[in-house]
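Report on the structure given below.
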Amino acid sequence: MPSQWADQPYSLVSTTAFSKDVRICTITPYAHDTTILTLHQLSHAAYYVATQMSLAHNGIIRGLNSIYIQATNIPPSDIATVGDFLTYCQCWSESMHHHHDAEENVFFPDMAKITGIKDIMERNIDQHRAFSPGFDAFYEYAKTCQPKDYDGQRVRRLIEDFAEPLTQHLHDEIDTLRKLDIYDSEQVRQAYRRLEKVLMDADNVSCVS
């Protein structure tokens, strides 16, 4: 049986359009036959942010694809495996939920301040709301389903209820970020670093009790 990679059924965000994200590395001689390597960002931070967010979004999509692909391959009689899989679904859900909460609470307000446009990220917030009902139903199932009652087909149906608006949002947001290149580059970079810190601080927190 051929391998099935987690780049389907929901398409990944293309990163081939980020040719403007230009960086160079300089080598500076130092004492005792050593050198210092320094990475310089030449392009606007908006392209860096868009690239990094594309990679993060692809991680979300691959996680979703892996759940969809494996949902019907989990033997219902293998209670331990089912339990592990439901935990995986729950962890993916909480990670994705945290990602969007951090955007709305940290990054989007920063963008409003930097640009002076209060609703500059409003479309993205509206898209968050569009997939939330279906996503919440999936998350609730992952948290409350007893392994003995697991239904792989139901998991797939739950995903199908929110996957299209979610993945559309994950693609569309990248274009919004690239268009920030008309604003102050360093401020955009610092705003993304604040977002990264919030996201990374949560990496050490267990998704299940």
Tell me whether region 140-150 contains one or more residues that are surrounded by fewer than 14 Cβ atoms within 10 Å (Cβ to Cβ), modelled with pLDDT of 95 or more and over 19 Å from CYS91 (Cα atoms). yes
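May I ask you to verify whether GLN127 is part of a helix (DSSP H, G or I) and in contact with a helix residue (DSSP H, G or I) (Cβ under 8 Å, 6 or more places away or on another chain)?
Against the criterion (part of a helix (DSSP H, G or I) and in contact with a helix residue (DSSP H, G or I) (Cβ under 8 Å, 6 or more places away or on another chain)), GLN127 qualifies.
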Using the structure shown, decide if SER77 is among the small types (Gly, Ala, Ser), in a helix (DSSP H, G or I) and at pLDDT below 95. no
ASP201 touching a helix residue (DSSP H, G or I) at 6+ places or on another chain (Cβ under 9 Å), among the acidic types (Asp, Glu) and at pLDDT below 95: no
Pairing a residue in region 117-140 that is free of Cβ contacts under 8 Å to residues at least 60 places away in the same chain with any residue that is in a helix (DSSP H, G or I) and of a type in the set (D, E, K, R), where Cβ atoms lie under 6 Å and the two sit 6 or more apart in sequence or on different chains, gives ASN124/GLU173
Could you tell me whether region 39-57 includes any residue that is over 16 Å from LEU177 (Cα atoms), out of contact with any helix residue (DSSP H, G or I) (no Cβ under 6 Å at 6 or more places or on another chain) and in a helix (DSSP H, G or I)? no
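The values are calculated or read from the model by the stated rules, or taken from the named source; none is laboratory data. Please read these numbers as outputs of a predicted model, since none were measured by experiment. Using ideal geometry, Cβ is built from the backbone for each residue, glycine included, and neighbour counts are taken over all protein chains shown.
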